[in-house]
Each structure stands twice: as structure tokens, then as C-alpha cells.
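Read the structure below first, then the notes.
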Amino acid sequence: MTTKARIAVFGANGTIGSRVVREALDRGHEVTAVVRDPKKLEDADPRVTVVTGDVLAPATVTEVARGVDVLVSAVGGGDGPGHVATVEPSVRSLVTGLRALGDAAPRLIAVGGAGSLRTPDGKQVWDAEGLPEGLLQIMHAHGDALDFLRTVTDVRWTSFSPAASIAPGARTGVYRTGGDELLTDGAGESRISTEDYAAALVDEIEEARHVGGRFTVAY
Ligand SMILES: NC(=O)c1ccc[n+]([C@@H]2O[C@H](COP(=O)([O-])OP(=O)(O)OC[C@H]3O[C@@H](n4cnc5c(N)ncnc54)[C@H](OP(=O)(O)O)[C@@H]3O)[C@@H](O)[C@H]2O)c1
């Protein structure tokens with residue numbers, strides 16, 4: 001898709017979601033930001049339509065998705081139990097809400113996790129020694145969400161795993177994408193700026209290269 005897309009973003013005020021909103025706007029797309037608390041987007045870019053909604057309510061997902069081309073979910077976040085409790089239930093709610101629209105449902109692009117990516121030793125990122133319990137729970141919640149999505153054949157979904165390390169930084173526009181393997185740079189590090197992650201996500205919106213699968217991005 002190279003024309004202007006209508007995009008709705010759950011988690012639009014979050015670290016990743018806010019970068020996706022900005023990147024999509026900068027490329028001329030039409031963006032609806034979905035937030036639980038609209039006060040958090042009082043200073044939103046005037047080009048954004050702000051609506052209130054909880055991703056865990058399938059009926060809300062259906063309403064938000066009506067007339068949209070691509071639904072992005074960038075929800076979760078923080079160190080608390082709410083993060084783990086949101087990750088897999090949110091993709092189930094998104095799929096249920098999209099199914100209600102049948103053939104008119106938009107594509108779904110869900111921000112995933114790096115934990116399930118495979119490492120050169122034949123293991124997965126979450127098998128590394130010494131990972132904190134809280135982080136492991138989040139990683140496995142994303143793994144469960146991906147396992148669920150892989151059972152879905154009637155909604156056009158994409159799960160997009162960040163590199164192992166993602167943090168706000170520069171938008172370079174230069175990155176590599178891959179499938180189920182962790183991507184690392186010459187120094188053996190797996191990293192991406194949130195800005196470049198957002199650029200790669202909007203590339204996926206425009207090019208639809210990973211419908212029905214998971215992909216990842218890193219330098
Ligand atoms: N390397 C990795 O694998 C990696 C690294 C970073 C992040 N991630 C994943 O990326 C996702 C986003 O992370 P982030 O750093 O951008 O988090 P964040 O800055 O904390 O933002 C999370 C967003 O989700 C929203 N949210 C939470 N529950 C919601 C619900 N029930 N309905 C609607 N919105 C809801 C929050 O809204 P409120 O402001 O209302 O709470 C917030 O906008 C998470 O799933 C995280 O696990 C993966």
C-alpha cells in the first residue's frame with residue numbers, strides 16, 4: 001500500500017505507540033490514536049484524531065477498527081503485573097473484535113517481544129541465564145500471544161518483535177529485518193531505536209510483507 005492509509009493505534013501515548021503515530025503522520029497517513037485516558041494526549045498533534053478505548057474490550061476494538069485499513073497495537077508496558085496481564089489478552093481481544101467485521105476487518109500489526117526469537121546456539125532469547133523473573137514473564141506473555149496469533153487464519157495479523165534492546169534515539173532509517181532469529185550487529189548486540197522501529201512498522205503498513213507471520217528488526 002503506497003497510498004494514504006487509515007491507521008488506528010492502541011497504546012498511542014506509549015513509548016513505542018507515540019513514535020508509530022508520529023512516523024505515520026509524517027508520511028501522510030491518517031491516524032486515530034486510541035488511549036484509555038484522553039488527558040494524556042491533550043497536546044496531541046492536531047492531525048491526530050483521539051478516541052478513548054480499552055484494548056481488552058472486543059466491542060471497542062470493533063468500533064475503532066471500522067473503516068480503518070490497519071490497526072496497530074502497542075500496548076503493555078511498565079514493570080508491573082498489568083504488563084503481563086495485558087499482552088496475550090490484548091491480542092485475543094483484538095482478534096475477536098476484528099472478526100466481528102468479517103471481510104471488512106483491517107490488518108492487525110501487534111508489537112511483540114524479542115524473548116521468543118531464536119539465538120545462534122539453537123535456544124531462544126528467554127533461555128539466557130540470569131534474566132529477571134519479571135522480564136521472563138513479559139517475554140513468555142509475548143510468546144503466548146504469538147502462539148495464539150499463529151492459530152489465527154481469518155484475520156490478517158502481523159507480530160513485530162523489537163530487537164532485544166529498544167530505546168528512544170535517532171531515526172536513521174537504516175535497519176535490517178528478519179524472521180524468527182534474533183538479529184545482532186557486528187558487536188553481537190541486538191538493538192534498535194524506537195524511532196527506527198516505528199519507521200520499520202510503517203514500512204510494514206505500506207508494504208505488507210509479513211501478513212500472517214512474525215518479523216523483527218535491528219541494526
Ligand atoms: N525488546 C522487547 O521485546 C520489547 C521492548 C520494549 C517494549 N516491548 C513491548 O512493546 C509494547 C509497548 O511497550 P512500550 O515500551 O511502548 O510501553 P509503554 O510506554 O508503557 O506504553 C504502553 C501503552 O499501552 C497502553 N495500554 C496498556 N494497557 C492498555 C489497555 N488495556 N487498553 C489500551 N491501552 C493500553 C498504555 O496506556 P496508559 O497510558 O493508559 O497506561 C500505553 O499507552 C509492550 O507490549 C512491550 O512488552 C518489547
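We did not get these values from a lab; they are worked out from the coordinates using the rules stated. The shown structure was predicted, so the numbers you read here are calculated from the model rather than taken from an experiment. All Cβ positions, even for glycine, are placed from backbone atoms using ideal geometry, and neighbour counts span all protein chains on display.
Which members of the stretch 100-123 meet the condition of being within 25 Å of residue 205 (Cβ to Cβ) and more than 11 Å from the ligand (Cβ to nearest atom)? Residues satisfying the conditions are 100, 101, 102, 103, 104, 105, 106, 107, 108, 109. Among the conditions (1) surrounded by 14 or more Cβ atoms within 10 Å (Cβ to Cβ); (2) within 13 Å of the ligand (Cβ to nearest atom); (3) touching a residue at least 40 places away in the same chain (Cβ under 8 Å), the only one that residue 126 does not satisfy is (3).
If I go through the stretch 17-68 residue by residue, how many of them are polar (S, T, N, Q) and surrounded by fewer than 16 Cβ atoms within 10 Å (Cβ to Cβ)? Write out each step before concluding.
Of all residues in the stretch 17-68, those polar (S, T, N, Q) come to 18, 32, 49, 52, 60, 62.
Still in the list and also surrounded by fewer than 16 Cβ atoms within 10 Å (Cβ to Cβ): 49, 52.
Within the stretch 17-68, residues that are polar (S, T, N, Q) and surrounded by fewer than 16 Cβ atoms within 10 Å (Cβ to Cβ) number 2.
Summed over the stretch 75-130, residues that are closer than 16 Å to residue 158 by Cβ, of a type in the set (S, T, N, Q) and not in a loop (DSSP other than H, G, I, E, B) total 1.
Any chance the stretch 24-41 includes a residue that's farther than 26 Å from residue 212 by Cα, without any contact (Cβ under 8 Å) to a residue 24 or more places away in the chain and touching a strand residue (DSSP E or B) at 6+ places or on another chain (Cβ under 6 Å)? The answer is yes; a qualifying residue exists. Counting only strands (runs of 3 or more DSSP E) that sit wholly inside the stretch 150-219, those with at least 1 residues that are under 27 Å from residue 104 (Cα atoms) are 157-161, 213-218. Does residue 71 satisfy being in contact (Cβ under 8 Å) with a residue 40 or more places away in the chain, surrounded by 24 or more Cβ atoms within 10 Å (Cβ to Cβ) and part of a helix (DSSP H, G or I)? No.
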